[in-house]
Amino acid sequence: MALDKLMGEHSVAFVKSEQLFDWARRNSLWYLAFGIACCAIEGLMHASGPRFDFDRMGVFFRASPRQADVMIVAGTVNRKMAETVKLLYDQMPEPKWVVAMGACASTGGPFREYPNVVLGVDKIVPVDVYIPGCPPRPESVQYGFIQLQEKIKRQSEERSAARRNRR
Amino acid sequence: MLPDETVVRTTLSGVTQAEVSTSTLGVVVRIPADDASSALAALKASSLDFIMLVDLLGTDTGEEVEITYHLRSLTRDEDLYVKCVLPYEGVLHSVWNVYASALLPERETAELFGLTLAGHPNPARLLTVDDTEPLLRRSVAIRTLEEVRDR
């Protein structure tokens, strides 16, 4: 969506800066290229490939947590990997979001009985969107990202509503 | 393919208490744990030409930990299984001087069966964090249904 196409050339738009920033943020959700298991093939590699092409909605991978907005936790998190997940999350700049992709990242999945497996990545980092499936199809991941965009949109609306109520 | 039992027996004549037998697994050699390194070196240098350690496995038999060295001869297309037993909390002597491919599986086996590694250049844990119980022992319970539900 280009603003000049929407409103015509030479037009002037009045918008709150935080709403503009949130609009920009939700249309450039760069995810961290960090895959743990088989979900990474569907959610990270297939997502950036030509068939599903998440680029067109601004979702693209970054190799460094310093440049990433979203972390897709794609795979089983065991107790040793949990330290790395936490470290990478801490290295990402604010604002940041986490997508728990697949059964393993959401609840432990088929490996939940093994004592070394963390029962869901939400025990380590706060999760915004859960995507069910084992592994989920890239369409599901795309839908998850649309939900995340909606959430970011709602967040800016909720912030301004909270300010209105304070006055 | 099965290696010739008599040749294996002759090769291991220096190792006392070496028992050679054929089971559904293949030709299995049982040796005392202390002789593992010398027995493997003899098998590698012999005419059987076992130049490759495919894998190093651990098994909890319920009474002790059984270590299996899976050897392969690429020139003769033959497999041999060398087994030794260690007590729980026993010491696993490294065979990396004979087979360098033992370096990683030895670390894994030691941490998952609660053994101590000796003679290893880097006897650190491989897959788990410190203070993890030996996960592949029978005595370590898996999570119950209730624990999983109340996550």
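Inter-label distance, A:LYS86 to A:ARG62: 2.3 nm, where each label sits 7 Å from its Cα along the C-beta direction.
If I take R0 = 45 Å and measure r between the Cβ atoms of A:GLU157 and B:ASP150 in this structure, what FRET efficiency does the formula 1/(1 + (r/R0)^6) give, to the nearest 0.05?
0.80
Starting from a Cα-only point model with no solvent, please compute log10 I(q)/I(0) by Debye for chain A at q = 0.19 1/Å. Result of the Debye calculation: -1.18.
With a Förster radius of 22 Å applied to the C-beta separation of B:GLU63 and B:LEU104, the computed FRET efficiency comes to 0.25.
A protection proxy built from the mean count of other Cβ atoms within 10 Å ranks the segments B:75-83, A:158-166, most packed first, as B:75-83, A:158-166. Scoring B:105-117, A:100-112, B:48-60 by mean Cβ neighbours within 10 Å over their residues and listing the highest first yields A:100-112, B:105-117, B:48-60. Considering only A:THR76, A:GLN147, A:THR107, and ranking their Cα positions along the charge dipole of the range A:67-167 that arises from unit charges at the beta-carbon of Lys, Arg, Asp and Glu, the one farthest toward the positive end is A:GLN147.
How much length is gained on full extension from B:ARG143 to B:VAL7, taking 0.36 nm per residue of separation minus their Cα-Cα distance?
On the way: separation 136, 0.36 × 136 = 48.96 nm, distance 4.76 nm.
This chain segment gains 44.2 nm when fully extended.
Residues in chain B average 52 Å² of solvent-accessible surface per residue, probe 1.4 Å, ligands and nucleic acids excluded.
In this structure, the residue pairs whose Cα-Cα separation is over 20 Å, taken from A:LYS96/A:LYS123; A:LYS5/A:LYS96; A:LYS80/A:LYS151; A:LYS86/A:LYS123, are A:LYS5/A:LYS96; A:LYS80/A:LYS151. Note on B:139-148: average number of Cβ atoms from other chains within 10 Å of each residue's Cβ is 3. In a DSSP loop and with at most 14 other Cβ atoms within 10 Å, the GluC sites (Glu not before Pro) in the range A:1-109 are A:GLU9. Across peptide B:123-130, the average count of Cβ atoms from other chains found within 10 Å of a residue's Cβ is 2.
Of all lysines in the structure, those lying under 17 Å Cα to Cα from B:LYS83, and not within fewer than 8 positions of it along the same chain, are B:LYS44.
Placing +1 on the Cβ of every Lys and Arg and -1 on the Cβ of every Asp and Glu, with no other charges, gives the range B:20-138 a dipole of roughly 300 debye about its Cα centre. Apply the Debye scattering formula to the range B:38-151, with a single equal point scatterer on each alpha-carbon and no solvent, then give log10 I(q)/I(0) at q = 0.19 Å⁻¹. With one equal scatterer per Cα and no solvent, log10 I(q)/I(0) is -0.98. A Cβ-based charge dipole, computed about the Cα centre of the protein assembly as shown with Lys and Arg at +1 and Asp and Glu at -1, lands at about 1940 debye. What is the helix-to-structure angle for B:36-45, meaning the angle in degrees between its Cα long axis and the longest Cα principal axis of chain B, kept from 0 to 90 and rounded to the nearest 10? So the helix axis and the longest Cα principal axis differ by about 40 degrees. Work from the charge dipole of chain B (Cβ charges, +1 for Lys and Arg, -1 for Asp and Glu, about the Cα centre) and give the residue of B:ALA42, B:GLY14, B:TYR81 farthest towards its positive end. In chain B, that residue is B:ALA42. For chain B, the longest principal axis of the Cα atoms and the long axis of helix B:103-113 meet at an angle of about 50 degrees.
The values are calculated or read from the model by the stated rules, or taken from the named source; none is laboratory data. Since the model is a prediction, treat every value here as computed from it, not as a measurement. Cβ sites come from the backbone with ideal geometry, for glycine too, and all protein chains shown count toward neighbours. To get the accessible areas, we keep the full protein, side chains included, count just its heavy atoms, and leave off ligands, DNA and RNA. Shrake-Rupley method; radii C 1.70, N 1.55, O 1.52, S 1.80 Å.
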